[in-house]
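So the structure is just underneath, and the comments pick up after that.
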């Protein structure tokens, strides 16, 4: 990674070591979804694990999508 900035490297990377995302593995009807919790009731999809190629085209399970953790 090349980073072009006038800021000192210490200021750019400050706090990077302390960030630990909380990943959860949720069951999906056709596979598993790995999500990152962003609030107590919401999570961001990080990865979909499914044997069916059609599941990867579903916009509800694409990486970056915000989903509700409430039933």
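Filter the range 43-71 for residues that are more than 11 Å from the chain's Cα centre (by Cα) and within 21 Å of residue 20 (Cβ to Cβ) and give the result.
69
For the range 1-33, which residues satisfy the criterion of being out of contact with any helix residue (DSSP H, G or I) (no Cβ under 8 Å at 6 or more places or on another chain), farther than 15 Å from residue 66 by Cα and surrounded by 12 or more Cβ atoms within 10 Å (Cβ to Cβ)?
Of everything in the range 1-33, just one residue is out of contact with any helix residue (DSSP H, G or I) (no Cβ under 8 Å at 6 or more places or on another chain), farther than 15 Å from residue 66 by Cα and surrounded by 12 or more Cβ atoms within 10 Å (Cβ to Cβ), namely 32.
What number goes with the only condition from (1) surrounded by 12 or more Cβ atoms within 10 Å (Cβ to Cβ); (2) on the phi > 0 side of the Ramachandran plot that residue 63 does not pass?
Here residue 63 meets the rest and fails (2).
Does residue 67 qualify as being in a strand (DSSP E or B) and touching a helix residue (DSSP H, G or I) at 6+ places or on another chain (Cβ under 9 Å)?
The answer is yes for residue 67.
With respect to residue 37, is the statement that it is at pLDDT below 95 and in contact with a helix residue (DSSP H, G or I) (Cβ under 7 Å, 6 or more places away or on another chain) true?
In short, no.
Kindly check whether there is at least one residue in the range 34-56 that is surrounded by 11 or more Cβ atoms within 10 Å (Cβ to Cβ), in contact with a strand residue (DSSP E or B) (Cβ under 6 Å, 6 or more places away or on another chain), without any contact (Cβ under 8 Å) to a residue 60 or more places away in the chain and in a loop (DSSP other than H, G, I, E, B).
Yes, because at least one residue in the range 34-56 is surrounded by 11 or more Cβ atoms within 10 Å (Cβ to Cβ), in contact with a strand residue (DSSP E or B) (Cβ under 6 Å, 6 or more places away or on another chain), without any contact (Cβ under 8 Å) to a residue 60 or more places away in the chain and in a loop (DSSP other than H, G, I, E, B).
The values are calculated or read from the model by the stated rules, or taken from the named source; none is laboratory data. Note that this is a predicted model, so its numbers are computed, not measured. All Cβ positions, even for glycine, are placed from backbone atoms using ideal geometry, and neighbour counts span all protein chains on display.
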